[in-house]
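Got a structure for you, questions after.
No value in this document is a laboratory result; all are computed from the given coordinates. What you are looking at is a predicted structure, and each value in this text was computed from that prediction instead of being measured. Here the Cβ is made from the backbone with ideal geometry for all residues, glycine too, and neighbour counts use every protein chain on show.
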Amino acid sequence: MKRAALPLVLVVFGVLTVVQLDLPGLYYDEALDVVPTMQILLGQPVQLERGVGVWIGGTALPVMVMDYVGAVNTYLTLPFFALLGVNVYSLRLMTIVASGITLVLGYRLGRRLFGESVGLLAVLLLAVHPSFVFWSRMGITVTSVMTVFSLGSLLAFLNWWERSDIRWLALGCLLLGVGLWAKLLFLWWIVALAVVGASLVLVDAWRSGGWRAGSLARRLGQIASPGAVGVGLVAFGVGCAPLLWYNMVSGATLETLRKNLVTTEYGVNNLDVGRNLAKAWETFGILLNGSYFWYQGGPFSNDWYLTIFLLSAAGASLLVAARARQYFGPLVAVLGIVALVVVQSSVTVSGHWATHLFILYPLPQLVIALFVVLLLRSGASAPGRLARWLGAILVVAPLVLGDLYVDYRYQATMNDTRGLATASNSIYRLADYLDSHEIRRPIAVDWGFSKNIQILTQGRVNPEEIYGFGKQASDVFVGEVRKRLADPSNLYLFHTGPYTVYPRLDVFTREAERMGRTIAVEEVFYQQDGQQLYLLVSAK
């Protein structure tokens, strides 16, 4: 029965993720990583972030897609686009497959640390979890492949520790490097792993004879020999070599860190420690309760999740201390990593979003599963067994049934809304209109129009972005507007008022009037509910 359990979990996850896979509409950040993938496959000029890349023959290969986001997904998507075509389905299938691998790795980690039952229950809890399900469908938005690198590195280090095989050390460090290249916030995982690992080595040395007896020196000699350090550094350097190359050429990641070190362009003050820690805790709660997906028609949430996780953490700690001390180290490691990542997430170079905490999966589910399994194993009397089963049901049922209900609500509502605002399926109609009317280079005067339209039209329509970041229009933006208005054949893309990301219409209108241009709305595109969403504007 247990042999069939993991495949069954994967089937359940697959069903939950592939239903209505084209909904919501293709989101800008989903397409960000894979525009170069399309361009490589179709033989189009490849867009390179800041012009930095590697050339093989006449083909340019990107190394980064943003200053702090690497081109990992760019290359992982290549076989999906090559086999299934450049479309929304193949794009989202890639991230679903990545999350399927996360489930397998999560099972192997749970089995390794706590036993088969814990591993299976944890991945069942994860497979139906709304945040995991819906971010896996739009995974490039959150770089969901990071969990493959985080779990893979942890499993590799466990193998190295137990077998003293330096090849596992090399693999673990390589995966850490690739994870850091994938997205800079992977640094949270590296720091948490290092702190927890060092702490457990110290505790293990103390428990096995005391530091004065030389136990610590022996342990450190195992893991910090010159050979091991050298292999680890080389493997890590190979993994993040594209990130290193990008900064050797441009220095852009370091410059972005410098600019956003105190106050980010999204308005986060990193010196406001108390407020940021509170915000980090709030985003952790959103991760667990699944309430992030307003753009699908929600939010809906499983309000029991955070409470059950906290009770499970406390209950598992008590049961481990009383009856299952062999799990002390693994439980401390899992809880320690969760705590350290959440605390580190309070410091950011962008904003506080629950998407950033995707990297924690499946650690919260492992804690809950451990508590349930230990609860079922404690005591032997008949009344005790009944109470334990009731307790386990009271933990698992609200999570599984509650999550499935939330999954259903999102799917049902998304069927009605077809996605809202910047995730509306109206983007498909807009892309079709631009393509069929041969409007090849419209001017995007707001965020959300470029990358997704490029993918949907397979590069036949390539909007030019001029909006600039920040709520206030800059002098640079004004100059770009004047330059574009000089050509009366240009057409411009805007969101309507409530859905605008960067307000630029007033400034655009002012400059058009100064240049004697008359603004006219050429076409309006609507959400499913009939509200105006996109405007195609001329200025003649």
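Calculate the dipole size of segment 424-539 relative to its Cα centre from +1 charges on Lys and Arg beta carbons and -1 charges on Asp and Glu beta carbons; express the result in debye to the nearest 20.
220 debye
If you wrap a convex hull around the alpha carbons of segment 444-511, what volume per residue comes out, as a whole number of Å³?
Cα-based convex hull of segment 444-511, divided per residue, equals 92 Å³.
Can I ask one more? What's the magnitude of the charge dipole for segment 409-454 around its Cα centre, counting Lys and Arg as +1 and Asp and Glu as -1 at the beta-carbon? Answer in Debye, nearest 20.
That gives segment 409-454 a dipole magnitude of about 120 debye.
Given the C-alpha centroids of segment 54-87 and segment 332-357, what is the distance between them in whole angstrom?
Centre-to-centre distance over Cα atoms comes out at 28 Å.
Hey, of [x] 26.4; [y] 24.9; [z] 27.9, which did the structure itself give for mean projected area of the Cα convex hull in nm² when calculated?
Calculated mean projected area of the Cα convex hull in nm²: the matching label is [z].
Follow-up. Could you give the length gained on full extension between Val203 and Arg325, defined as 0.36 nm per residue of separation minus the Cα-Cα distance, in nm?
Between Val203 and Arg325, full extension yields 42.5 nm more.
Obtain the radius of gyration and the Kirkwood radius of segment 248-377 from its C-alpha atoms and give Rg over Rh.
Reported Rg/Rh (Cα atoms, Kirkwood Rh): 1.07.
Give the separation of the Cα centroids, segment 436-495 to segment 223-296, in Å.
Value for the Cα centre distance between the two parts: 30 Å.
Under unit Cβ charges (Lys, Arg +1; Asp, Glu -1), what dipole magnitude, rounded to 20 debye, does the chain have relative to its Cα centre?
Using Cβ point charges on Lys, Arg, Asp and Glu, the chain gives about 1860 debye.
Under a point spin-label approximation (7 Å from Cα along Cα-to-Cβ), what is the Leu277-Arg441 distance to one decimal in nm?
Once both label points are built, they end up 5.3 nm from each other.
Which whole-Hz ³J(HN,Hα) couplings does segment 395-402 yield from phi under the Karplus relation 6.51 cos²θ - 1.76 cosθ + 1.60, θ = phi - 60°, glycine and proline marked x?
7, 6, 4, x, 6, 5, 5, x
Within the chain, what is the longest stretch that has no GluC sites (Glu not before Pro) placed in a DSSP loop and near at most 15 other beta-carbon atoms within 10 Å?
Result for the longest clean stretch: 1-264.
Using only Cα atoms, find the angle between the long axis of helix 2-18 and the longest principal axis of the chain, and express it within 0 to 90 degrees, rounded to the nearest 10.
Once rounded, one gets 20 degrees.
Moving to a separate point now. Given H placed 1.01 Å from N in the peptide plane, which residues other than close sequence neighbours of Leu61 have an amide H under 5 Å from its amide H?
Close amide H contacts, sequence-distant or interchain: Val54, Trp55, Ile56.
For segment 1-157, just the Cα atoms, rotate onto the principal axes and tell me the three extents in Å, largest first.
Projected onto the principal axes, the Cα atoms of segment 1-157 cover 53, 38, 24 Å.
Same structure again: Regarding segment 424-539, what whole-number volume in Å³ per residue does the convex hull of its Cα atoms give?
95 Å³
Another one. With the crude spin-label approximation of a point 7 Å out along Cα→Cβ, what separation in nm comes out for Gln44 versus Glu116?
Label at Gln44, label at Glu116, 5.1 nm between them.
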